[in-house]
Every structure is written in structure tokens, then in C-alpha cells.
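Okay, structure first, notes after.
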Amino acid sequence: MTPQKILFGDNQFFGVNHMSEEKARSQSMKFRDTASIMRVLDDAYDAGIKVFMCTTYDRVGEIAGIVKNNPQRYPDFEFYPCMPYAHKYANSVGEVGIIKTLKNFSPSGVMNTLVRGAVSVVTEDISKMMQLLVDTEMKKFEGVKTPVIFLQNVVTDLLLGLKFYDMLGDYHKYIQDKFGAEAGFITMNLPLLLRVLNEQGIKNPIVCANINKIGFRMCGGIEEYKKVIAQGNSRVIAMSVLASGAIPPKEAIEWVCNIEGLDSIVFGASSAANINNTKSLIDELWNL
Amino acid sequence: MINLALVGVGKMGMSHYAILSAHPEIEITAICDNATFLTSTFNKQTGVKVYKDHKKMFNECELNAVVISTPNSTHFEIANMALEKGIHVFVEKPLCLDPKESLQLSELAKKNKLVSQVGYHNRFIGTFQEMRRLIKAGAIGDIYHIEGKAYGQVVTKPKPGMTWRSKKSEGGGCLHDYACHVLDLMSFVSETPETVKSAQLQSIFSSDIEDAVYATLSYKSGATGYLEANWSDESVRKMSTTITVYGKNGKIITDRQEIRVYLKPKQTFESFEEGWTSRYITELQKPVNFYLRGEEYSAQLDQFIDAILGKDVDVDSSFVNAAETDIIIDEISKLGKA
């Protein structure tokens with residue numbers, strides 16, 4: 001499958017802004033309830049953006065429920081879930097420790113076995129544990145389309161750094177086998193990730209990375225990014241194109257649309273006007 | 001190549017492992033942790049040598065450097081042994097619970113000519129570095145008040161303690177977790193406080209530890225300081241730290257995303273004009289070679305490695321600085337309890 005060209009992101013909905021705490025706070029007030037998020041998603045959908053690329057935090061379950069229950073309104077709506085919602089786990093690890101966290105968040109008895117001390121069982125099966133956590137996160141999306149399921153950059157890059165390369169391959173395979181979907185990988189280290197995925201035998205992987213004119217959070221540098229994207233052996237989605245607002249929108253989009261080999265762009269916006277402006281700019285530059 | 005080991009591969013240790021393992025100058029020789037679940041997973045995935053006992057590891061492995069991310073109460077013994085063996089040491093913050101031990105380690109590192117660094121990673125965030133630069137350059141004139149605040153949602157309801165982080169005897173609590181970061185940053189951008197004037201430690205949900213810290217400080221220059229840290233504040237998504245410095249010619253407010261500079265009428269500094277100017281992390285942060293959770297985590301380890309390789313880098317957060325912070329923390333702890 002080919003990921004859609006223009007995807008709608010979710011940072012604006014839950015108080016994330018890499019540039020300003022104040023902006024993040026005002027956004028989190030604006031999107032206090034699911035209905036206010038749904039209104040923006042409707043604007044995006046009606047503008048022709050059919051994919052919502054979203055973190056698997058709790059409210060997303062409600063949104064999936066609305067889409068599922070209104071098939072006439074949303075016949076083509078697709079979710080690209082990004083898991084896990086890392087803060088949930090990070091806070092828990094600080095509070096109760098790594099093992100108890102895994103136990104709390106995984107539904108099966110495997111973790112109970114682990115906590116009782118049958119270590120060999122689990123280390124044989126660390127991938128099994130990952131599968132249980134994926135299953136738990138995916139429960140929110142039962143009955144809706146999820147053709148691509150992403151691993152968040154904090155996990156992708158952790159596995160990359162730890163050199164737990166097998167687990168990237170295991171995740172890729174599991175998403176295909178269990179959900180009939182494709183795995184995607186979000187990263188801040190695109191050149192390194194592509195090299196490793198290639199070594200793991202993952203052909204033409206779907207990856208998502210910061211790609212912006214000022215090189216913000218592009219490890220390896222802009223030139224290296226351009227080079228690996230142009231090679232054409234991966235499907236690359238650009239995120240953080242505006243670098244949280246550090247680059248004026250028109251300039252940012254024009255720059256990114258000119259990158260040879262780039263497949264898709266994910267962006268977030270809070271108003272119909274901004275959605276339509278960005279969408280039509282990309283349409284025009286990419287002849288969509 | 002630097003042969004490096006990690007003692008402790010929990011939350012912080014695992015993150016350090018990933019960043020170090022991706023570094024071209026580092027060979028991870030061994031890891032040590034008493035959680036067999038973690039060590040055997042590492043061993044199976046990467047083949048790294050694993051130990052339960054750091055003494056055994058130090059005796060058996062040829063090491064140049066060690067990264068210690070164990071419960072706070074164990075830092076001294078492990079770091080001391082490493083320094084005695086001539087190993088460069090990076091230890092998670094705070095350095096030690098007893099400032100006498102911090103000073104002892106700092107002396108030993110100096111005597112044995114070893115690189116010593118503590119994980120005060122906020123020093124490597126571009127906005128705080130810019131704040132320090134502006135203050136040192138006199139952009140807002142003489143400093144008369146320094147305020148540091150940190151909020152986060154670590155303990156938001158009463159719960160039985162599950163880890164060392166909820167036990168006072170092992171160095172748990174908001175003082176050693178949040179407040180030390182704030183103090184370190186306050187010292188980084190201005191100067192180290194001379195004394196603690198007053199302090200209160202408050203348990204909001206916890207039983208054995210404090211969840212909030214409030215303290216007033218005084219500085220040699222005559223400046224005053226105020227510190228507030230609270231890890232039971234659910235209104236913030238993740239730990240957020242703000243430092244405000246008041247000078248006779250202006251004021252600077254800084255968090256990890258943004259630095260806001262106010263200059264009095266008719267005052268200018270470089271490209272900063274009178275009134276308010278904001279600069280953002282997107283333009284201030286230096287890039288790193290491998291990104292995990294924030295540039296600062298990679299940047300601090302890069303500096304540790306560069307210092308070991310003799311690239312003429314003074315580490316920003318040496319045992320000397322960290323020991324000064326530990327002395328202030330200890331004063332707050334004593335005053336706050338009284």
C-alpha cells in the first residue's frame with residue numbers, strides 16, 4: 001500500500017508545542033472535549049484529508065468510536081495509530097518501576113510469570129511482551145481502519161540506540177500478521193534507522209521523521225536526510241515541517257515539497273482556514 | 001575507543017545505554033544491575049557482558065569510564081570505587097545524599113585527574129545556555145533576584161511506595177529529584193547560593209517523602225533567591241522548569257522551549273531591543289548526532305566523552321558543581337524538617 005499524501009496530525013489537540021508552553025496551554029483549553037476535536041477532524045476530512053495520525057492516548061478511543069458508529073459520515077476515514085503513549089509509561093516507570101509497569105499495562109499472565117521470577121520464560125519472549133502491549137493499545141481502534149501502525153520515536157530510537165534491532169523486525173512482522181497492516185517507524189534519526197531497517201531485511205519501510213528547512217531534530221543533518229530520501233527505497237512521511245512554528249508556513253511547505261523522493265506530509269492545525277490553506281498549498285506544489 | 005560500563009540500567013540507565021551505544025567512540029564493555037530481567041534481556045539482544053555485583057565488574061573488566069544510574073543512596077560507594085580504580089565517572093543526579101561524601105568524591109576525582117560529571121542535563125538545553133550567556137555578559141545588569149520553579153505529575157495520589165524513589169532513606173523525594181535540578185540551573189545561570197534562609201518540605205500525597213519544596217536563598221552578591229518544586233501538580237503534562245532572573249536593567253524568563261528577555265526603556269543588548277524579545281529552542285539548540293529524548297541527554301554524554309578524549313572540554317556539571325548543590329540541598333533538608 002501507499003500511505004496517503006497528506007495526513008492530519010494530533011499534537012495541537014493535547015497540549016504539545018515544542019516552542020511555547022503558553023501556546024500548548026491555550027490549545028489544551030480549546031480542545032478540552034472530544035466534540036471540539038471532532039469538529040476540527042471534520043474540517044480536515046471535508047477538506048479531503050482522510051488520515052488521522054494520532055497517539056494512542058485515551059481520548060482517541062472516543063474518536064475512533066464516533067468514526068466507527070458513523071460509517072456514512074466517514075466512509076474513508078483512516079487512523080494511523082502511533083504507539084505507545086509514552087508519558088503514560090514513563091510516569092509509571094518512575095512511580096512503580098519497570099517490571100511493575102509492564103505488569104500493569106499488559107493483560108496476560110506472562111508478566112505475572114515474570115514477576116514471580118521465571119525470568120528465562122520472559123527473556124526468551126521479550127517480543128511476546130511487546131505484542132501484548134501493542135494489542136492493548138490497539139483495542140481502542142477495533143472496528144476502524146488502521147492501515148499503518150506506527151512505533152513512536154521514543155521507542156524506535158530507544159531500540160535503535162540499544163541495538164535491539166531484532167525487535168524492530170519483530171514489530172514489523174507482528175503488525176502485518178496480527179492486524180494485516182503495515183508497520184511504520186517514527187524517528188529523529190532517519191539515516192541511521194533506514195540503514196538498520198535495510199540490514200533487518202525490511203523492504204521499502206514506512207518511516208516518519210522531522211523534515212524542516214532549519215534542520216530541527218534531524219540527526220545526521222539536512223543533506224544526509226535529502227540523500228537517503230532521494231534513494232527511493234523507503235516511504236517517507238515528513239513531520240514537524242513548520243518546526244513548531246519557527247518557519248513561516250508557506251516557506252516551510254514550499255521547501256519540504258521540493259524534497260526529491262518525499263512521499264507524504266503530516267501536519268496539524270486548529271482551524272478550517274489553516275487546514276485548507278496548507279492542504280491547497282501542498283496540492284498545488286505536488287500537483288495533487 | 002573508550003571502554004565503558006553502566007551500573008544501573010533502569011529508567012535513566014537504559015536511556016544512557018542507548019545514547020552511548022550509538023556513539024562512535026564508545027564500546028560498551030559490560031553492564032551491572034540486580035534486576036536479572038533487565039540484564040538477561042540486554043545480554044540476549046546484544047551479547048553485552050552482565051554483572052550483578054559492581055565490585056566484581058570493576059575487578060574483571062578493563063574500563064575507562066562508567067555511567068552510574070542507581071538509587072541515590074548507592075552513588076558514593078560505586079563512584080568512589082571507580083575513581084580509586086582510575087575510571088572516569090558519570091553519575092546520575094544528585095551526586096550524594098551526604099554532601100561530605102560529595103566533596104570527598106570531588107577531591108578524589110581531582111587527585112586522580114579523572115573526568116567527573118553529574119547528570120544535570122538541563123544545562124545542555126539551548127534556552128538555559130542562552131540565559132546564562134546573557135546574564136554573564138551583563139545584558140540585564142546587576143542581578144538582584146533569582147527564582148526557580150519546577151512542576152510535574154509524579155505523585156498525584158496516595159500510594160504505597162513501590163521503588164526506591166518513594167523511600168527517604170534511599171534518596172527518594174521531590175527535593176532530590178526535582179529541586180536539585182532547579183537549584184543546579186539557578187547556579188548555572190547565575191551563581192551558587194551562599195545560604196538557605198528558610199525552607200519548607202511538604203508531603204501532599206506521600207508518607208515517607210516530601211512532594212513539594214519551598215525555600216528562600218541568599219547570594220554573596222546580595223541577591224535573593226526563591227525555589228519552588230512540586231511533583232504533585234497534575235496541570236502539567238511533564239516536568240516543566242522555569243527560571244526567572246531579575247536584573248537592574250531587565251529580566252529574563254526561561255523554560256525549555258523559550259527565553260523571554262525584557263530590557264528596560266533605552267536598554268539594548270546585541271540584537272535585543274528595549275521591551276520584550278522571545279527566542280525559541282528551535283533556533284537555540286545545537287544539533288546532536290543521535291537523538292533520544294531531548295538533545296540535552298546526548299549533549300551531556302558527548303561532553304563527558306570529549307573530556308575523556310582530551311578534546312579540551314571542561315564539563316559543565318562536574319563533581320565540584322554538584323557537591324555545591326548537594327550542600328544547599330542538605331541545608332534545605334535540615335531547615336525544612338525543623
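The values are calculated or read from the model by the stated rules, or taken from the named source; none is laboratory data. Predicted model, so just to flag it, every value in this text is computed and none were measured. Using ideal geometry, Cβ is built from the backbone for each residue, glycine included, and neighbour counts are taken over all protein chains shown. Side chains are part of the model used for accessible areas, which takes the heavy atoms of the whole protein and leaves out ligands, DNA and RNA. Shrake-Rupley method; radii C 1.70, N 1.55, O 1.52, S 1.80 Å.
Summary of values
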| quantity | calculated |
| --- | --- |
| Debye log10 I(q)/I(0) for the stretch A:169-230, one point scatterer per Cα, at q = 0.15, 0.29, 0.30 Å⁻¹ | -0.48, -1.23, -1.29 |
| Long-range amide H partners of residue B:93 with built H, under 5 Å | B:119 |
| Accessible area buried, both sides summed, chains A and B with 1.4 Å probe, Å² | 3800 Å² |
| Simple label model, 7 Å out from Cα along Cβ direction - residue B:34 to residue B:289, nm | 3.6 nm |
| Listed residue (B:252, B:328, B:34) projecting farthest to the positive dipole end of chain B, Cβ model | B:34 |
| Pairwise label distance in nanometres, residue A:281 with residue B:137, each label 7 Å out on the Cα-Cβ vector | 3.1 nm |
| Of A:213/B:266; B:56/B:111; B:85/B:334; B:52/B:157; A:178/A:203, pairs whose Cα-Cα distance is over 26 Å | A:213/B:266; B:85/B:334; B:52/B:157 |
| For chain B, share of DSSP beta bridges that run antiparallel, in % to the nearest 5 | 60 percent |
| Per DSSP, loop chymotrypsin sites (Phe, Trp or Tyr not before Pro) in the stretch B:204-243 with at most 15 further Cβ within 10 Å | B:205 |
| Built amide H within the under 5 Å cut-off of residue A:56, gap 5+ | A:82, A:85 |
| Two-site label geometry, residue B:208 and residue B:80: point separation in nm, points 7 Å out along Cα→Cβ | 2.3 nm |
| Histogram of C-alpha separations across the stretch B:2-121, 5 Å bin width, % | 2, 12, 24, 26, 20, 11, 4, 1, 0 |
| Charge dipole (debye, nearest 20) of the protein assembly as shown; +1 at Cβ of Lys and Arg, -1 at Cβ of Asp and Glu | 680 debye |
| In Hz, Karplus ³J(HN,Hα) per residue of the stretch A:27-39 (6.51, -1.76, 1.60; θ = phi - 60°; x = Gly, Pro) | 5, 5, 6, 5, 10, 5, 10, 4, 4, 5, 5, 4, 4 |
| The protein assembly as shown, accessible surface, carbon-and-sulfur percent (1.4 angstrom probe) | 48 percent |
| Cα extents of the protein assembly as shown along the three principal axes, largest first (Å) | 69, 68, 48 |
| Charge dipole (chain B, unit charges on Cβ, about Cα centre) - positive-most of B:50, B:231, B:315 | B:231 |
| Surrounding net charge for residue B:130, when Lys and Arg each add one and Asp and Glu each subtract one, Cβ distance under 13 Å | +4 |
| Mean Cα-pair separation over length for the stretch A:139-202, i.e. relative contact order, pairs under 8 Å, 6 or more apart, % | 42 percent |
| Euclidean distance between Cα centres, the stretch B:22-51 to the stretch B:121-145, Å | 38 Å |
| Long-range HN-HN contacts of residue A:184 with modeled amide H, under 5 Å | A:149, A:150, A:151 |
| The stretch B:2-121: relative contact order in percent, alpha carbon pairs under 8 Å with at least 6 residues between | 23 percent |
| Beta bridge orientation in the protein assembly as shown: antiparallel %, DSSP, nearest 5 | 45 percent |
| Members of B:11/B:49; B:49/B:168; A:30/B:286 lying beyond 23 Å, as alpha-carbon distances in this model show | B:49/B:168; A:30/B:286 |
